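What follows is a single structure, written as structure tokens, with notes after it.
The values are calculated or read from the model by the stated rules, or taken from the named source; none is laboratory data. These numbers come from a predicted model, not from an experiment. Here the Cβ positions follow ideal geometry from the backbone for every residue, glycine too, while neighbour counts run over all protein chains shown.
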């Protein structure tokens, strides 16, 4: 689990378990139409999608995952409805508990830049580098999390420390970009990295809580 | 991080960072009234609550956290609306990145039993034991996750393996009980453990996906 990942790795995103789960909630009577419309208008090029009762599972490379999630959430938000989106990104552990990988090791990935959406988002974000320390001299999951938060603070987003999460505010695309950057960079030294974010858009309580 | 936790630990739940974050989404025009009603009818005894734009932060002991989350989600679901709930439980790392604990070590907790709700839930669940291996001879986060999934399979819930998550179906109370049990039991040998679940209730697509 703690193996340093070579940059020469050649596995596909699916073989390395790179993917996401997305749950979209639209707080309006016509939620089904809003969600369907957002899904149909988003560009899913390069992705395999599987829709379930709780979430949609997305498998593919990081730029495709990020573009699709940004477009779906932005599309639903442009309805004007209060929307929450729950997104989980994972890498390095295909399947549920089986982390068998091709023998060539991990996967180096570049951070992704997204086109701004004009949609304001507030997110609560948690990053989990799952390093058991067996292959590295100094596993320290809090060090990796702290580095990701420092990157977030330099991004231009409004960043607040909260219990268990970091709150990010700004353009939806930049929020997703920063969340994914933390996940991608941690993944350069830790095989199995997951990250979770809950995003709120068009919240009627935003004005009373924003700082 | 990998220190074995003595059963004699005397810190309070707040000192050990035991808490949850809950985001409730109700897919109906009157969502605000449904959420407010569910919050007012739930028993928050023993908990400190802090409501934000994205989630409500709950601090307190495991039985109080579980009872409150179960009652809030069940209450909103009894409106008949399609509801999603995103819940994060965390222990062993108060604050955002500072994991300073009282010098007496970790906290042993009993698993919690909840009263059945009569509300059917489908959840996607992920468990993250954040053991850096520095204090234990054999840190293995997948071993702890696998043990939690075996417990889930013995609980009477319907359990399915999915990419990145385990899907649990059954009474909302039992779903939450199993999620928390995995988190609590992993926390007996790993200081910092987080778990995330996204729950879907009254989903109109349930019949076409349930197995």
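Name the strands (runs of 3 or more DSSP E) wholly inside region B:92-211 in which the number of residues that are modelled with pLDDT of 95 or more, closer than 25 Å to residue A:19 by Cα and out of contact with any strand residue (DSSP E or B) (no Cβ under 7 Å at 6 or more places or on another chain) is 1 or more.
Working: elements: B:120-129, B:158-161, B:166-171, B:193-201.
Output list is empty.
Scanning region A:35-56 for residues that are at the interface with chain B (Cβ under 8 Å from one of its Cβ atoms) and crowded, with 21+ Cβ neighbours inside 10 Å, which turns out farthest from residue A:194 (Cα to Cα)?
Going through the qualifying residues, I end up with A:54.
Within region A:83-91, is even one residue surrounded by fewer than 24 Cβ atoms within 10 Å (Cβ to Cβ), in contact with a helix residue (DSSP H, G or I) (Cβ under 8 Å, 6 or more places away or on another chain) and within 13 Å of chain B (Cβ to nearest Cβ)?
Taking every residue of region A:83-91 in turn, none turns out to be surrounded by fewer than 24 Cβ atoms within 10 Å (Cβ to Cβ), in contact with a helix residue (DSSP H, G or I) (Cβ under 8 Å, 6 or more places away or on another chain) and within 13 Å of chain B (Cβ to nearest Cβ).
What are the residues in region B:150-184 that are more than 20 Å from residue B:115 (Cα to Cα) and touching a residue at least 24 places away in the same chain (Cβ under 8 Å), if any?
B:160, B:162, B:164, B:165, B:166, B:167
Identify, from the list A:162, A:124, A:169, A:150, the residue that is within 11 Å of another protein chain (Cβ to nearest Cβ) and crowded, with 24+ Cβ neighbours inside 10 Å.
None of the other options fit; the residue is A:124.
For residue B:26, state whether it is within 15 Å of the chain's Cα centre (by Cα) and crowded, with 22+ Cβ neighbours inside 10 Å.
The answer is no for residue B:26.
Please specify each residue of region A:13-34 satisfying the condition of being more than 9 Å from chain B (Cβ to nearest Cβ), touching a residue at least 12 places away in the same chain (Cβ under 8 Å) and in a helix (DSSP H, G or I).
A:34
Please find, within region A:40-64, the residue that is nearest to residue A:183 (Cα to Cα) out of those that are part of a helix (DSSP H, G or I) and either at pLDDT below 95 or out of contact with any helix residue (DSSP H, G or I) (no Cβ under 8 Å at 6 or more places or on another chain) (or both).
The residue in question is A:63.
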